[in-house]
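Here is the structure we will look at, set down as structure tokens.
We did not get these values from a lab; they are worked out from the coordinates using the rules stated. Source: prediction; values computed, not measured. Note that each Cβ is placed from the backbone with ideal geometry, even for glycine, and that neighbours are counted across all protein chains shown.
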Amino acid sequence: MINYQPFINHISNTRLDHWVKPLTQQLDELWATLNDGNLPRMLEHWDKLPELETQEISLSDTVQLGGLIDELEKDQLTTALKGLMPWRKGPFDFFGVDIDSEWRCDLKWQRVAPHISSLVGRHVLDVGSGNGYYGWRMKAAGAATVAGIDPSWLSVVQHLAVNKYINDPSHTVLPFTLEALTPNLEAFDTVFSMGVLYHRRSPLDHLFELRAALRPGGELVLETIVIEGKEGESLVPIGRYARMNNVWFLPSAATLAQWLDKMGFIDIQIVDQTITSTDEQRHSNWKPGTSLADYLDPNDHSKTIEGHPAPIRATIIATKPVNQRLKRYDLG
Ligand SMILES: C[S@@+](CC[C@H](N)C(=O)[O-])C[C@H]1O[C@@H](n2cnc3c(N)ncnc32)[C@H](O)[C@@H]1O
């Protein structure tokens, strides 16, 4: 139902070539068994995006697409993009239609980008990519390929909307979880997992699966919510955390580094820890409803509304060693 052939052609005859066959098979099976009304409904909005000629592309803090547009086309564009709400990740500017998303993703990218190895010529996997905002920043930084994976159809279709006007076959968002990705690809130069680990009930398995996607010597960029605390400490919030009911483990940054060590990573560096601010995650007309300010204790922003420590986000960089197999007992 979504044409991934341009991406598959792009990775053919590259270091990702061994992924072509299982990926094609996985997509064929997905389309054959798909029984989900959401995707067709979202694609109806995508179909209504007007045909426009993109004359300028700027992949900077705001991902901006520009060109001539008349009032009627602008109305059609706005209506179709509103049909794809909520826009959590951005900001984007489509021909003057400003999508001021709930999250200022540019702020996270500014925290992460200075610490990572150059992306020039790299094949990148972005796990939990959302709509691919960061993927565009990675492309601008020189990545040869960005494969986003995200199980949310809305993310997938929002990416299609952006890429309708950029038309870049080397950047895609595939509708998969990391767990469903072809195992042991051992192919990506850099793997990002940003904002996903705390959603995983089994965070060590998540690290193990990230490692399996990396080539030996490749780099992991891990970003997740942490708590203040010593090595070994982590919070398993009972009930909700900042109104989210799918938050499992919030380790201290030192614990996270320990977990990475246990899973066989080396050169582990905690490069940033930042309290999430209501400037970064805020109310937006493009994501109606609540936002971070509503999830914090109104009298004490150092706590969530449930009384847990408010979100601090850490970025950790680590390397998969070139010549090391995990010991049998580590694999379970
Ligand atoms: C909090 S958002 C983070 C998005 C983006 N990476 C960022 O840092 O802003 C988490 C994303 O991960 C996706 N996700 C959840 N579980 C996942 C899994 N097991 N594998 C891949 N993506 C997952 C969700 O659909 C969601 O888009």
Check your understanding: Using 7 Å Cα-to-Cβ label points, what is the THR79/ASN245 separation (nm, one decimal)?
Key -> 3.6 nm
Point to revise | Interchain or long-range residues, amide H under 5 Å from VAL271's placed H | key: THR315, ILE316, ILE317
Exercise for review: With unit charges on the beta carbon (Lys/Arg positive, Asp/Glu negative), name the residue among PHE188, TYR133, VAL146 whose Cα is farthest towards the positive pole of the charge dipole of the chain.
Suggested key: PHE188
Exercise for review: Note down the net charge around LEU23, summing +1 for each Lys or Arg and -1 for each Asp or Glu among other residues with Cβ under 12 Å from its Cβ.
Suggested key: -2
Practice item. Do me a favour and compute the ellipsoid semi-axes for the stretch 41-179 from its Cα gyration tensor, root of five times each eigenvalue, largest one first, whole Å. Key: 24, 17, 14
Point to revise | Loop GluC sites (Glu not before Pro), the stretch 133-228 (other Cβ atoms within 10 Å of the site Cβ: 14 or fewer; DSSP) | key: GLU179, GLU228
Check your understanding: In whole Å, how far is the Cα centre of the stretch 299-322 from that of the stretch 58-89?
Key -> 32 Å
Point to revise | Descending semi-axes in whole angstrom, ellipsoid equivalent of the stretch 186-246, from the Cα gyration tensor | key: 26, 13, 10
Review point. How high is the relative contact order of the stretch 223-332, in percent, counting Cα pairs under 8 Å that sit 6 or more residues apart?
Key: 33 percent
**Study point:** DSSP-defined beta bridges in the chain - what % are antiparallel, rounded to 5
**Key:** 55 percent
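Given the Cα-Cα distance of ALA254 and ILE305 and 0.36 nm per residue of separation, how much length would full extension add, in nm?
Values: separation 51, 0.36 × 51 = 18.36 nm, distance 2.55 nm.
Length gained, ALA254 through ILE305: 15.8 nm.
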Point to revise | Karplus (6.51, -1.76, 1.60) ³J(HN,Hα), θ = phi - 60°, over the stretch 44-57, in Hz, Gly and Pro reported as x | key: 4, 5, 4, 4, 8, 5, x, 6, 9, 8, 7, 9, 9, 10
**Study point:** Separation between Cα centres of the stretch 203-219 and the stretch 241-262, rounded to whole Å
**Key:** 16 Å
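Tell me, what does the Kirkwood hydrodynamic radius of the stretch 129-261 come to in angstroms if you use every pair of distinct C-alpha atoms? Don't skip to the answer; put the middle values down first.
Working: mean 1/r = 0.0628 Å⁻¹.
Final number for the Kirkwood radius of the stretch 129-261 is 15.9 Å.
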Exercise for review: Using DSSP to define loop residues, name the GluC sites (Glu not before Pro) in the stretch 22-122 whose beta-carbon has at most 15 other beta-carbon atoms within 10 Å.
Suggested key: GLU51, GLU53
Check your understanding: Okay, helix-only estimate at 222 nm for the chain: each DSSP H run of n ≥ 4 adds -39500 (n - 2.57), divide by all residues, round to 500 deg cm²/dmol; what do you get?
Key -> -9000 deg cm²/dmol
Review point. Which net charge results for the neighbourhood of LYS108, defined as the other residues with beta-carbon distances under 10 angstrom from its beta-carbon, given Lys and Arg at +1 and Asp and Glu at -1?
Key: +1
Study note, to complete from the structure: For the chain the mean separation of alpha carbon contacts under 8 Å (6+ apart) over residue count, i.e. relative contact order in percent, is 15 percent
Check your understanding: Once Rh is set to the Kirkwood radius over Cα pairs, what Stokes-Einstein translational diffusion coefficient, in µm²/s, holds for the stretch 194-285 at a temperature of 20 °C and a viscosity of 1.002 mPa s?
Key -> 149 µm²/s
Check your understanding: Listed here are the pairs LYS108/LYS303; LYS262/LYS287; LYS108/LYS320; LYS21/LYS74; LYS230/LYS320; LYS89/LYS320; which of them are more than 32 Å apart at the Cα?
Key -> LYS262/LYS287; LYS21/LYS74
Check your understanding: Under a plain spin-label model, where a point goes 7 Å from the Cα along Cα-to-Cβ, how far apart in nm are ILE238 and LEU72?
Key -> 6.3 nm
Study note, to complete from the structure: Counting sequence-distant residues (5 or more places) and residues on other chains, those with an amide H built under 5 Å from that of PHE192 are LEU125, ASP126, VAL127, VAL221
Exercise for review: Return the sequence-ordered ³J(HN,Hα) values of the stretch 264-272 in whole Hz as given by the Karplus equation 6.51 cos²θ - 1.76 cosθ + 1.60 applied to θ = phi - 60°, using x for Gly and Pro.
Suggested key: x, 7, 10, 6, 7, 10, 7, 9, 7
Exercise for review: For the stretch 230-240, take each phi angle, set θ = phi - 60°, evaluate the Karplus expression 6.51 cos²θ - 1.76 cosθ + 1.60, and give the result in whole Hz per residue in order, putting x for glycine and proline.
Suggested key: 8, 4, x, 8, 7, 10, 10, x, 7, x, 7
Exercise for review: Work out the length of the dipole vector of the stretch 226-332 about its Cα centre, built from +1 on the beta-carbon of each Lys and Arg and -1 on the beta-carbon of each Asp and Glu, and round it to the nearest 20 debye.
Suggested key: 520 debye
Practice item. Taking the Cα atoms of the stretch 5-323, report the difference between the largest and smallest coordinate on each principal axis, in whole Å and largest first. Key: 58, 53, 39
**Study point:** Stretchable slack from ASP297 to ARG282, in nm (0.36 nm times residue separation minus alpha-carbon distance)
**Key:** 3.9 nm
Review point. Label points 7 Å out from Cα along the Cβ direction at ASP261 and ALA113: separation in nm?
Key: 3.3 nm
